[in-house]
Amino acid sequence: MPKNSNSKSVKRDEPMTGAMKFFLAGCVAELYLLIVRRFYANGTAVQQIAWFDHYLFYLMGAGAVLLVIGAVCAVLWKADKKKFVPALSLAAAGAFLGMSALLIRWNMSTLTLFTVVVPVVMLLGILWSLYDRECALALTILGSTLVLLWICRRAGASQYYGIYVKAVSVIYLLAAAAVALLVKQGKLRKLLPANADPLPVYVACGLSVVAIAAALVSTTVAYYVMWVLAIVVFALAVYYTVKQL
């Protein structure tokens, strides 16, 4: 009896532990971005900015090393969950560190994008840890759509980046349609169990297609569509929160 009780307690604590890990990782990543903004983007001394530019270069290398080590260990330990998850986390940390340093050195405006994406990813990680899979998948799709709408709003009309934003938006439209089709065909069983309700996923994909198509027509429309989607996300999160109480 005591062993069974302890086992159930551990299983019950696993989702909360996973959510806390995502929360702490998000806080650390956001703190790192704030430090970069303070001393690099908003730096006043030329020497200070030059030093931090070198630091970002070294961080690119460190991130690449962590990514390779984590990926190799994840492949070697894929059968052992206790080792696989930390290895995958190390690879993800390396990818974030290297990619953020590379893109920030290339274009300072990407720093703002990272400060938006990090909290979104953190919240989605918490959702995947605590909520039903259909809710987590639907909110992931809607969250990704909100980020893309924000990019469309900021750079969709840009002379330099507008074409890239439009290309990514078209690819995202195709991806959203493909996800809906795969769910209908039952080919996403690892993400969505057989007993899950696919309706929230269909709604999320449909709304995402309409929202991105509208944003491609007008960046002004993208602003209002963002608010509509934000309300939908809030309503869906509240519904599943109440459902799981």
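Structure summary
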| quantity | calculated |
| --- | --- |
| Cα-centre dipole for the chain with unit charges at Cβ (Lys and Arg positive, Asp and Glu negative), debye to 20 | 560 |
| Å² of accessible area per residue within the chain, as computed with a 1.4 Å probe and no ligands counted | 62 |
| Three-way shape call for the range 89-170 based on the alpha-carbon gyration tensor, with the a/c threshold at 1.5 | oblate |
| Gain on full stretching of the segment that runs from residue 17 to residue 159 - 0.36 nm per residue minus C-alpha separation | 46.6 nm |
| Exposure rank, largest accessible area first [218, 100; 1.4 Å] | 218, 100 |
| Which listed pairs, of 21/190; 83/166; 82/190; 166/243; 83/243; 21/166, have C-alpha distances above 31 Å, in listed order | 83/166; 166/243; 83/243; 21/166 |
| Fraction of accessible area attributable to carbon and sulfur, the range 128-245 (%, probe 1.4 Å) | 70 |
| Förster radius 45 Å - calculated FRET efficiency between residue 220 and residue 24, Cβ distance, rounded to 0.05 | 0.70 |
| Residue 68 accessible area, assembled protein chains, probe 1.4 Å, Å² | 90 |
| Estimated FRET transfer efficiency (residue 195, residue 168; beta-carbon r; R0 41 Å; 0.05) | 0.75 |
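The values are calculated or read from the model by the stated rules, or taken from the named source; none is laboratory data. All figures in this text were calculated on a predicted structure; none of them were measured in a lab. Note that we place each Cβ from the backbone using ideal geometry, even for glycine, and neighbour counts take in every protein chain shown. Protein only, heavy atoms only, side chains kept; ligands, DNA and RNA dropped before computing areas. Shrake-Rupley method; radii C 1.70, N 1.55, O 1.52, S 1.80 Å.
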